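The values are calculated or read from the model by the stated rules, or taken from the named source; none is laboratory data. None of the values given here were measured: they were computed from a predicted structure. Cβ placement follows ideal geometry from the backbone for every residue including glycine, while neighbour counts extend to all protein chains displayed. Ligands, DNA and RNA are excluded from the accessible area calculation, which covers all protein heavy atoms including side chains. Shrake-Rupley method; radii C 1.70, N 1.55, O 1.52, S 1.80 Å.
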Amino acid sequence: MPASSTGSSSGKSPMGIVPDDNLRTELASASPQPGFASTSRLDAVSRNLFAPFKHRKRDSHKILADLIMTPKMMAHAQTVSVRPRGIGTTSTRPTLDFATIGRTPLRLGLGARRTTSRELEVVETASEILATALPDALPDDEMGRPSLLRGFEATVPSADSARARRRATRNVDAPRLGLKRLSLGARGLMAEEAESEEDLVVVARERGHRGRKKRGRESLSANKVFGREELDRQTREIGRDKENLHVRRSLLHNDIAEITAKIEALDGIRTKLEEDLLKLQEDELELDDELLMVQERLELEGSRSGSVHSSFMASSRRRKGPAFLPSEHDELPPGIAFMTLECGSTPITALDFSEPYGTLITSSLEDAHPRVWDLLSGEEIGRLRGHTGTVKTLQVEAHICATGATDGTVRLWDLRRVDDDAESSEWDLSDVLEETEEEGDHTDSGNGDSPVEEQSRIRPNGTRLNRTPKEDTSGPCVRVLAGHSKAVTALYFENDTLVTGASDKTLRQWDLATGQCVMTMDILWAISHPSSTMSAGHLAGFPVAGTFAVPTPPYADGSWDLYQDFLGAVQSWEYALVSGSGDGAVRMWDMRTGQAHRTLLGHTGPVTCLQFDEIHVVSGSLDKSVRIWDLRTGGITETIKYDHGVTALQFDSRKVISAAGENGVKIYNRTSMQYSTLSTNGHIRPVEKVRYMDRYLLSGGRDAAVKIWAL
């Protein structure tokens, strides 16, 4: 092969290695052949170095002799490393000499990465970088905090050495005066050790000539001279000490900020733990309610298995614990109305349902026929036709519904018959004519009525009516209770006892088994004969005699109504009865005697809603408040304030849900005392009525809509 044009004719390779004859021959003969890749001289060196030894021992030793670092080579490498580098000159690639190779790893082999010039430059300048002195003060960071090194210099104990030195320079040699002993004596303390006579200096009083003035004592600093150099040094030291104080102040501020952040973090943790504690308390109350539900369920199933079974069930308003819900209810987001039922065009006046996803009854203003809904499908399944006035109050228990209207009657309905014939209980003109002919026959037979009784049987539209409304057993209406002379505005029934309240300012107790009124309680008589156990307070200043009518506080949308329901709410349990009336009083009655034995005073407006359990009575009023009363003491334990009048409420051991004149449903957590509002996908006008069971809530508003919420 012809010799390569780049090959070296010297006896040594560019790397300083002395090859043998075979290696020199191969290097000289290395030249590219047509069609083959050119082999580098480094590849030839690699093949010879890694080939099996076929040479004499001295030849192998001669090849590797120059690879060993000798003291002379190490001295030469050190000389090269400390050689000064030019500034401002163009950088050129350093020459690869043996000294440089000796200070870097030797990589020989096929495909191995070669040492670059940049790496060699870093190695050569490493000593210069390490020898460079650090600056006296590093710049502060972006937050204004001093650097770690500056903070160390300012807080190290030796930072105060300059101050101690300056203080020492200002000390002067003076006779010992015993100042410590004088201080102890002034404070009434005894000196630990008596000072020696050598330490005490007795200054003799000079006797001057008569009439000659005494010379004043010279200042301690009179004979003290520092010199300019010392004063300049003290000036620099004082400036340095002020900088150190500034650094220390910054460090203290940073420590205070860090501690403040930690305190805030701890406060957050404490708040979270308190919330967890309240959650545990709520869970405990929920377990108590669930236990009561299980016990009631056990009693109910035991009564069903027995021979005696009542056709009426206990009120669901006092029922506690969880309710039966579809499994899909858990997938609903809480606090959002997931269903809307349109109920005409007038505000909702009353609503109630049998159970979650059961049967719902709603009544609207200027609509005498309440609507019946299937909550599982959200469809209207019928109407309750029979009343001739607006239904103001209603209650649903299982398949029984009781309604009270402005026509002064109370009707009981069997909801299982709603699908049979919706028009069967509605008055028809042909029925009226047939009744008129039958009455005429009875009159001819000598069984006539007096003119007063005849006049009482004439309807406002001119048609005649029986003394008691007609009971049509073929329709959903199973009984009509007539006795009040004005609108029935409140009712409550449990088992076979029904209590109603009306604008005629009376309460009536009914026996549902016979349909007879067994007791009448007069509110006006109770007002004129107050009970001896009346709580502290005063009655609202509204006239109770004659027609009762007061304007309601403005709702959130600015609208208002004329409130005419003197009896706002009633609830009974066995022989106990609680009523809320337009005079702002909450009265507790004994239905065995018909007397009000306690009156709770505190509201300054008509009471519109109430509910009680074994311990508390919760009442809502148009005075924009909800008050929680303790039955054991008769006092108010808690008052919940709102911005508008309260028209409906319901409570349990954990929360109070109310309608307070706003578009959202108000929820007050009795455990954490926190307020919340349900408004997502909610009403567009103020809420009037609310009713819930477990985690299933219904609300009716002035927008003529019923919203169904998941709690």
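So, taking all protein chains as they sit and a 1.4 Å probe, how much accessible area belongs to ARG371, in Å² rounded to tens?
Here the accessible area works out near 30 Å².
Full-extension gain between GLU614 and SER485, please, as 0.36 nm times their residue separation minus the C-alpha to C-alpha distance.
Using 0.36 nm per residue and subtracting the Cα-Cα distance, I get 43.1 nm.
Spin-label point model (7 Å from Cα, Cβ direction): what's the LYS641 to THR125 distance in nm?
7.4 nm
What whole number of Å gives the distance from the Cα centroid of the stretch 315-365 to the Cα centroid of the stretch 638-677?
18 Å
What is the extension gain from HIS253 to PHE152, computed as 0.36 nm multiplied by their sequence separation minus the C-alpha to C-alpha distance, in nm to one decimal?
Going from the current span to full extension adds 34.8 nm.
So, by mean Cβ neighbours within 10 angstrom, what's the order for 273-281, 696-704, 607-615 with the highest one leading?
Highest to lowest by the protection proxy: 696-704, 607-615, 273-281.
Given a 1.4 Å probe and the protein chains all in place, what does the accessible area of PHE226 round to, in Å² to the nearest 10?
Result for PHE226: roughly 70 Å² accessible.
Please work out how much length the chain gains when fully extended from ARG233 to LEU711, using 0.36 nm per residue of separation minus the C-alpha to C-alpha distance, in nm with one decimal.
Result: 164.3 nm gained on full extension.
Given charges of +1 on the Cβ of Lys and Arg and -1 on the Cβ of Asp and Glu, with all other atoms neutral, how large is the dipole of the stretch 522-664 about its Cα centre, in debye to the nearest 20?
I would put it at about 280 debye.
Would you mind putting 291-302, 655-666, 674-685 in packing order, based on average other-beta-carbon counts within 10 Å, highest first?
655-666, 674-685, 291-302
Do the alpha carbons of any pairs in LYS641/LYS689; LYS320/LYS707; LYS279/LYS707; LYS272/LYS624; LYS505/LYS666 sit beyond 26 Å of each other, and which pairs? Can you show the working numbers first?
Details: LYS641/LYS689 18 Å; LYS320/LYS707 23 Å; LYS279/LYS707 28 Å; LYS272/LYS624 32 Å; LYS505/LYS666 30 Å.
Violating the 26 Å Cα-Cα cut-off are LYS279/LYS707; LYS272/LYS624; LYS505/LYS666.
Apply 1/(1 + (r/R0)^6) to the Cβ-Cβ distance of ASP283 and ASP43, taking R0 = 56 Å, and write down the FRET efficiency to the nearest 0.05.
Efficiency for this residue pair is about 0.10.
Using each residue's phi in the stretch 486-497, evaluate 6.51 cos²θ - 1.76 cosθ + 1.60 at θ = phi - 60° and report the 3J(HN,Hα) Karplus result to the nearest Hz, with x for Gly and Pro.
9, 4, 7, 10, 8, 8, 7, 9, 8, 6, 10, 10
What figure, in Å² to the nearest 10, do you get for the accessible area of TRP413 with a 1.4 Å probe and non-protein molecules left out?
0 Å²
Can you compute the modelled spin-label distance between ASN495 and LEU300, with each label point 7 Å from Cα toward Cβ, in nm?
It works out to 1.6 nm between the two label points.
Does the stretch 584-706 classify as rounded, prolate or oblate by the C-alpha gyration tensor (a ≥ b ≥ c root eigenvalues; a/c under 1.5 gives rounded; else a/b over b/c gives prolate, otherwise oblate)?
Note, shape of the stretch 584-706 comes out prolate.
How far apart, in nm, are the 7 Å Cα→Cβ label points at SER676 and GLU290?
1.9 nm
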